[in-house]
Amino acid sequence: IGDTFRGRIAIDKSKIFLGGITDVMPKLTQAKRIIIAACGTSWHAAMVGEYLFEEFARLPVEVEYASEFRYRNPVITPDDVLIAISQSGETADTLAAIKMAKEKGATILGICNVVGSSIPRETDAGVYTHAGPEIGVASTKAFTSQVTVLAMMAFMLGRKRGSMYDQLYKELIQELTLVPEKIVSILKSESYIKEIAEKYKDATNSLYLGRGYLFPVALEGALKLKEISYIHAEGYPAAEMKHGPIALIDENMPVFVLATKDKSYEKIVSNIQEVKARSGKVIAIVTEGDETIKQLADHVIEVPDSHEAIAPLLTVVPLQIISYYIAVMRGCNVDQPRNLAKSVTV
Ligand code: F1P
């Protein structure tokens, strides 16, 4: 039993290198379906992966909570590729999902952070995110690095399957290379984000809304807040608000809205208006220079402009920072939240 995640990961002169999956690339290119299994934050990254693979590689994707998937009797065939995502590489449910898919003949890939962990030994191929150790229990950089690898895979596959034209491929690669400097610019707002945290540190409930690529980010923002500050937080697709959560909105409800400029921008602006009409407090994550939402929301946190497929990598950062400050202000131990384990191995 060896470690199958070998090879270089890089973007170099508009070329993507994902060494660990080179050997299975023919299989991946011809796959009939991709199943992504994961838990917690890794599941949210998987959701972004679904949008990316569907849009750029035109492949059907199913995203499964490994903790539930393992107890079903799902239809899996040798034409399927299962991608297991796990920061620790030790999550018992994700390992069980791998075992089940393997028995049914699927090709198994992994995306893990911890080198030499169990998942890389159980897969046919895979990629290490090399994000360095997650000091705290709650995953943060694991999310951004997992989404980066999924984007690289989706763009590479899109190109190989002929579902993505060259110009777009080049543009997206260029966008990926700009992410580090854009995150540096978001970090300049840290003290402003801290001021917002001060205002909402005593909240008991909160809502996170997003559409498209930003729906999984809403889920991840809500998870970060509940994991480390113990404030009840729910993430929803913005359009789902009127199907239930809208009943919760009043002047005590902070609503975090992912509202960067993309094809559903007008719709998200109306969602913000709906929240304000019910006296909810809106904290919006917007594209730099957005004057429309500035007039509507209680607070706006700006992030640099990007292609909508790259926006999760940027918009998650202010949500992570705000959760961090709220938790610290509430006297919570952000590195070791109560009841949570770094690797859930049982
Ligand atoms: C999954 C996970 C983490 C969460 C916590 C418990 O772990 O749910 O997302 O932050 O650490 O486990 P993994 O499979 O990604 O290691």
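Observations on the model:
- Boolean, LYS294 is within 16 Å of the ligand (Cβ to nearest atom), assigned to a helix (DSSP H, G or I) and over 28 Å from GLU55 (Cα atoms): no
For (1) out of contact with any helix residue (DSSP H, G or I) (no Cβ under 7 Å at 6 or more places or on another chain); (2) crowded, with 16+ Cβ neighbours inside 10 Å; (3) of a type in the set (A, V, I, L, M), each residue gets a yes or a no:
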| site | (1), (2), (3) |
| --- | --- |
| PRO237 | no, yes, no |
| LYS242 | yes, no, no |
| ALA247 | yes, no, yes |
| ALA259 | no, yes, yes |
| SER270 | yes, no, no |
| VAL282 | no, yes, yes |
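- Tally, over the stretch 8-37, of residues that are surrounded by 17 or more Cβ atoms within 10 Å (Cβ to Cβ) and under 16 Å from CYS112 (Cβ atoms): 7
- Looking only at the stretch 179-191, and only at residues there that are over 12 Å from THR148 (Cβ atoms) and within 18 Å of the chain's Cα centre (by Cα), the one that is surrounded by the fewest Cβ atoms within 10 Å (Cβ to Cβ): LYS182
- Qualifying residue in the stretch 59-71 (condition: within 14 Å of the ligand (Cβ to nearest atom) and surrounded by fewer than 16 Cβ atoms within 10 Å (Cβ to Cβ)): yes
- 1 or more residues among the acidic types (Asp, Glu): qualifying strands (runs of 3 or more DSSP E) within the stretch 57-166: 61-65, 80-86
- Flag if LYS194 is within 15 Å of ILE16 (Cβ to Cβ) and surrounded by fewer than 22 Cβ atoms within 10 Å (Cβ to Cβ): no
- So PRO304, is it surrounded by fewer than 23 Cβ atoms within 10 Å (Cβ to Cβ), in contact (Cβ under 8 Å) with a residue 40 or more places away in the chain and assigned by TED's automatic domain parsing to the domain that holds LEU214: yes
- Among the residues of the stretch 84-106, the ones that are of a type outside the set (Asp, Glu) and within 13 Å of the ligand (Cβ to nearest atom) come to 13 in all.
- For the stretch 30-43, filtered to residues that are near the ligand (Cβ under 8 Å from one of its atoms) and not in a strand (DSSP E or B), the residue that is nearest to ARG58 (Cα to Cα) is TRP43.
- Out of VAL346, VAL334, one residue alone is crowded, with 18+ Cβ neighbours inside 10 Å, on the phi < 0 side of the Ramachandran plot and not assigned by TED's automatic domain parsing to the domain that holds ALA284. It is VAL334.
- GLN295 meets the conditions (1) without any contact (Cβ under 8 Å) to a residue 12 or more places away in the chain; (2) touching a helix residue (DSSP H, G or I) at 6+ places or on another chain (Cβ under 8 Å) in every case but one. The failed one is (2).
- Residue check: LYS13 meets all listed conditions (1) within 26 Å of GLY132 (Cβ to Cβ); (2) in contact with a Pro (Cβ under 8 Å, 6 or more places away or on another chain); (3) away from the ligand (no atom under 16 Å from the Cβ) but one, namely (2).
- Within the stretch 10-41, tally of residues that are more than 22 Å from the chain's Cα centre (by Cα), of a type in the set (Gly, Ala, Ser) and within 27 Å of PHE69 (Cα to Cα): 1
- Tallying residues that are touching a strand residue (DSSP E or B) at 6+ places or on another chain (Cβ under 8 Å) and part of a helix (DSSP H, G or I) within the stretch 262-291 yields 5.
The values are calculated or read from the model by the stated rules, or taken from the named source; none is laboratory data. Keep in mind that what you see is a predicted model, and the values were worked out from it rather than measured. Neighbour counts run over all protein chains shown; Cβ positions are idealised from the backbone, glycine included.
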